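Structure first, commentary second.
The values are calculated or read from the model by the stated rules, or taken from the named source; none is laboratory data. Note that the structure is predicted; figures quoted are calculated from it, not measured. Quick reminder, even Gly has a Cβ in these numbers, built from the backbone with ideal geometry, and neighbours come from all protein chains shown. The accessibility values were calculated without ligands, DNA or RNA, using every heavy atom of the protein model including side chains. Shrake-Rupley method; radii C 1.70, N 1.55, O 1.52, S 1.80 Å.
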Amino acid sequence: MQNNKRPPLLYRIIYRIVSFVYPKIEVIGRENIPDEACIIVGNHCQIHGPVAVELNFPGNRYTWCAGQLMHMDEAQAFAFMDFWSHKPPHIRWFFKILSYIIAPLAVFLFRNAQTIPVYRDSRAVTTFKTTAKRLAEGAAVVIFPEHAVPHNNIISEFQDRFIDVAALHYKRTGHEVCFVPMYLAPTLRKLCLGKPIRFSGEAPLSEERQRIRDYLMEEVTRLGLDLPPHTVIPFRPGNKKEYPRNDPAGCP
């Protein structure tokens, strides 16, 4: 599927199995996706975000994915730290072993899915160049910019440097790309898309980072609050009994 090539048979088999067992997600607000290249920005929901997008998002799109999951020498350590490091000390050994088992499968899957590897070191330029290339081809790019800083009961804080890809795209094409807010509620089996905001190529980039980031955080929060009562899947895994609800009281 990536690079418009037919994926290996094993990937297609796994894809079919996952699409059969994973709950069907209703996509709400398709009309908010522009008929042009755009950037979709939403809550991560742990593994649910990438999986739900891969199985349900309409049209041609690529998803930002942690670059460590594309490389065997990095996948195991990343999987353990990101997925299971919060587990009680007395059972972490089991998840350490599990991380070694799933690392080869994770690398295989993420390399063959429609993904763009995200790096935070000297390879970051590759992430931005690849993203700009996909946008120039007319594809949508899906980004989950949360990081481990709480914001409210719906989302964690968004990072803002992903917005720089719009500046690169503008420099290359003269096109001011739209950012579309997205909220995923796995417990309701719904994926909601909100009204887009367009990048301004003439405004200072620092101002655009703040303006667009603030809008996206507000809109993703609003989309979550507008849905019926449900349990929110937070950015980081933890005790499921402590997961928040989409109660407006939790959004000062």
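Miscellaneous remarks
- With an a/c value of 1.5 or above and a/b not larger than b/c for the gyration tensor axes a ≥ b ≥ c computed over the alpha-carbon atoms, region 65-156 is described as oblate.
- Distance (nanometres) between label positions extended 7 Å along Cα→Cβ at V149 and L10: 4.1 nm
- The amide H of V142, built 1.01 Å from its N in the peptide plane, has I40, Y62, T63, W64 as neighbours under 5 Å, considering only residues 5 or more places off or on other chains.
- Each DSSP beta bridge with both residues in the chain is either parallel or antiparallel, and the antiparallel ones are about 30%.
- Comparing N56, N153, N239 in a Gaussian network model of the chain, where Cα atoms under 10 Å apart are tied by springs, the biggest mean-square fluctuation is seen for N239.
- Candidates T130, T115, T221, ranked by Gaussian network fluctuation over the chain, Cα under 10 Å, top entry: T130
- Solvent-accessible ranking of H169, H86, largest area first, probe 1.4 Å: H86, H169
- For V27, distant residues with modelled amide H under 5 Å away: L191
- Mean Kyte hydropathy of -0.5 or more with a Cα span along the axis of at least 27 Å, helices from DSSP in the chain: 92-112
- Within a Gaussian network of the chain (alpha carbon springs, distance under 10 Å), most fluctuating of F80, F94, F128: F94
- By definition, a body whose alpha carbon gyration tensor gives a ≥ b ≥ c is oblate when a/c is 1.5 or more and a/b is not larger than b/c, and region 103-232 fits this oblate description.
- Given a 1.4 Å probe and the protein chains as shown, E31 ends up with an accessible area of around 140 Å².
- Rolling a 1.4 Å probe over the protein chains gives S19 an accessible area of about 30 Å².
- Normalised contact order of the chain, rounded percent, pairs of Cα under 8 Å and 6 or more residues apart: 27 percent
- For region 143-252, carbon and sulfur atoms together expose 50% of the accessible surface, with a 1.4 angstrom probe and every protein chain in place.
- Spatial separation of Cα centroids for region 161-214 and region 86-134, in angstrom: 24 Å
- The candidates D226, D247, D164, D73, arranged from most to least accessible area with a 1.4 Å probe in the full protein assembly, appear as D73, D226, D247, D164.
- Heavy-atom surface of the chain, accessible at 1.4 Å and reported per residue (Å²): 51 Å²
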